[in-house]
């Protein structure tokens with residue numbers, strides 16, 4: 001069953017109403033050290049147990065998940081408990097995974113606190129943890145009961161997080177709505193998008209997920225920018241300058257737009273337009289050699305056999321999926337994807 005998507009300006013009241021309808025035996029709130037400022041007052045008001053983990057994608061792993069299951073057991077959480085996940089994409093991914101596996105599944109509610117989580121990570125029921133540096137290598141599809149959106153939470157975001165969050169909005173525009181892409185291209189990188197464009201981005205993803213909940217066909221479109229993006233994010237994860245997910249996706253979209261042009265599925269004129277808009281959002285790091293990305297590219301979940309799979313734009317507002325390249329074919333195109341082989 002698809003989650004309820006609720007935009008609200010009264011988060012506590014709406015969360016109370018959702019929990020009243022769910023009638024849980026107990027309520028637990030999961031947050032990280034960054035979002036405790038939002039979660040702790042909610043937990044106190046709801047008389048809920050607060051569970052806190054360290055912030056950062058590197059902590060989205062089996063050790064953290066196991067520690068949370070142990071805390072759920074210690075708190076006496078049964079199959080009628082509800083886990084409320086208050087945080088960014090790391091928390092909604094991790095919290096959904098923990099809820100979906102604990103006692104074969106307890107209910108959960110997402111309260112996304114970052115722009116990236118609001119327009120992407122909290123929607124669609126994908127959960128996952130990272131294993132041996134491979135992003136979301138283990139996970140399941142597990143829908144929350146509801147996703148509560150409060151745009152006031154965005155005003156507390158650091159500029160870097162806000163910029164990162166726009167990656168998925170741009171992605172949705174490039175895939176399915178030229179007017180969204182145009183509206184975003186007219187904003188300064190640190191400017192919060194208008195509510196109507198947030199809602200439109202959520203609507204685009206929700207519509208695609210409704211058609212293909214388990215990513216057998218159309219939902220693969222949402223992987224635009226993520227084949228290269230996930231490889232880049234994994235490569236930089238343990239470096240001195242790890243990338244935020246949206247930063248890696250911005251890089252991935254830029255590289256995959258150039259790949260689409262090189263393969264002839266996107267015109268050079270449109271590719272240049274997309275590239276011009278995305279360039280100001282690129283993080284200040286150098287692309288690694290294509291060979292350095294191969295361990296992650298070869299392990300990408302979307303791959304089929306020996307081929308690496310991409311979703312690529314054909315015009316602004318339309319795209320295709322399952323564009324597959326052998327590793328040597330991708331190596332041969334590396335110089336066209338970015339500025340060095």
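Worth pointing out:
- Under the criterion of Cα pairs below 8 Å and six or more residues apart, the relative contact order for the stretch 159-337 equals 27 percent.
- Our helix-only sum for the chain, with -39,500 (n - 2.57) per DSSP H run of n ≥ 4 divided by its residues, gives a mean residue ellipticity at 222 nm of -14000 deg cm²/dmol.
- Note on residue 66 and residue 238: with the Förster distance fixed at 30 Å, the Cβ-Cβ geometry gives a FRET efficiency of about 0.90.
- Computed over the stretch 4-156: relative contact order in percent, which uses C-alpha pairs under 8 Å that are six or more apart: 27
- Candidate values [x] 62, 57, 34; [y] 61, 45, 43; [z] 57, 39, 38 were compared with Cα extents along the principal axes in Å computed on the shown model; the agreeing label is [z].
- At an R0 of 30 angstrom, the distance between the Cβ atoms of residue 73 and residue 10 translates into a FRET efficiency of 0.35.
- Fluctuation leader among 21, 319, 167 - the chain, Gaussian network, Cα springs under 10 angstrom: 21
- Most mobile of 217, 43, 117 in a GNM of the chain (Cα contacts under 10 Å): 217
- Two-site FRET efficiency, residue 304 against residue 199, from Cβ-Cβ distance with R₀ of 35 Å, rounded to 0.05: 0.50
- With neighbour counts taken as other beta-carbon atoms within 10 Å, the residues 64, 214 rank, fewest first, as 214, 64.
- Averaging the Cα positions of each part gives two centres, and for the stretch 74-128 and the stretch 164-213 these lie 23 Å apart.
- Of all beta bridges that DSSP places with both ends in the stretch 4-156, some 10 percent have antiparallel geometry.
- Nearest-ten-degree value, helix 89-101 long axis tilted from longest Cα axis of the chain: 60
- Taking the stretch 39-83 and a reference point 7 angstrom along Cα→Cβ of residue 156, the backbone N atoms nearer than 13 Å belong to 39-44.
- Pairs of Cα atoms nearer than 8 Å and 6+ residues apart set the relative contact order; for the chain it is 14 percent.
- Principal-axis tilt of helix 226-236 within the chain, Cα atoms, nearest 10 degrees: 80
- Cut-off 15 Å (backbone N to label point 7 Å along Cα→Cβ of residue 132), residues of the stretch 284-300: 295-300
- Using alpha-carbon coordinates, inclination of helix 62-74 to the longest axis of the chain, degrees: 10
- Take the Cα of residue 21, step 7 Å toward its Cβ, do the same at residue 291, and the gap between the two points is 5.6 nm.
- Beta bridges per DSSP with both ends in the chain, % antiparallel, nearest 5: 30
- Rounded, prolate or oblate (a/c below 1.5 giving rounded, otherwise prolate when a/b exceeds b/c) for the stretch 253-341 by Cα gyration tensor: oblate
- GNM top mover of 203, 233, 256 - the chain, alpha-carbon springs below 10 Å: 203
Each value in this text was obtained by applying a stated rule to the coordinates, not by laboratory testing. Remember, it's a predicted structure, so these values are computed and weren't measured experimentally. Glycine gets a Cβ as well: all are built from the backbone with ideal geometry, and neighbour counts include every protein chain shown.
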